[in-house]
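So the structure is just underneath, and the comments pick up after that.
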Amino acid sequence: MYTIRMGSDIAESQIDDLSGSEINVLLDLYDILQLTPGNGRKLRRAGNMYVWDYKGLSVTYIVLDPQNEVAVLRVDRFPG
């Protein structure tokens with residue numbers, strides 16, 4: 001199981017701006033990322049940066065396998 005942590009001040013600020021229902025979506029996504037972070041869309045063929053679009057949110061993150069961590073870099077809204 002992976003630990004979710006904030007990887008940037010930008011992500012923290014973006015999360016602070018989310019509504020209550022968006023926070024619930026983000027928490028659902030965190031549950032998924034804790035188990036299968038590698039199932040996101042890889043941004044480059046070689047590398048460990050991913051993006052996962054889920055119910056109106058887009059989360060950009062890095063998978064740190066040796067530490068069993070997912071570092072969240074951005075949390076963006078997208079039209080759904």
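The values are calculated or read from the model by the stated rules, or taken from the named source; none is laboratory data. Here the structure is a predicted model, which means the values were calculated and not measured. Cβ: placed from backbone, ideal geometry, glycine included. Neighbour counts: every protein chain shown. The area values use the complete protein model at the heavy-atom level, side chains included, leaving out ligands, DNA and RNA. Shrake-Rupley method; radii C 1.70, N 1.55, O 1.52, S 1.80 Å.
Annotations for the structure displayed:
- Selected residue (criterion: farthest from the chain's Cα centre (by Cα)) from residues of the range 40-58 that are more than 30 Å from Gly20 (Cβ to Cβ) and either of a type outside the set (Gly, Ala, Ser) or surrounded by 13 or more Cβ atoms within 10 Å (Cβ to Cβ) (or both): Arg45
- Checking each residue in the range 48-65 for being of a type in the set (S, T, N, Q) and either under 19 Å from Asp9 (Cβ atoms) or touching a residue at least 40 places away in the same chain (Cβ under 8 Å) (or both) picks out Ser58, Thr60.
- Checked against the criterion of being modelled with pLDDT of 95 or more and not in a helix (DSSP H, G or I), the range 20-30 has no qualifying residue.
- Of all residues in the range 1-18 being open to solvent by 50 Å² or more (accessible area, probe 1.4 Å) and in a loop (DSSP other than H, G, I, E, B), the one that is nearest to Pro66 (Cα to Cα): Met1
- Yes/no for Arg77 being without any contact (Cβ under 8 Å) to a residue 60 or more places away in the chain and in contact with a strand residue (DSSP E or B) (Cβ under 9 Å, 6 or more places away or on another chain): yes
- Residues considered: Val70, Val75. Of these, the only one that is among the β-branched types (Val, Ile, Thr), open to solvent by less than 70 Å² (accessible area, probe 1.4 Å) and out of contact with any Pro (no Cβ under 6 Å at 6 or more places or on another chain) is Val75.
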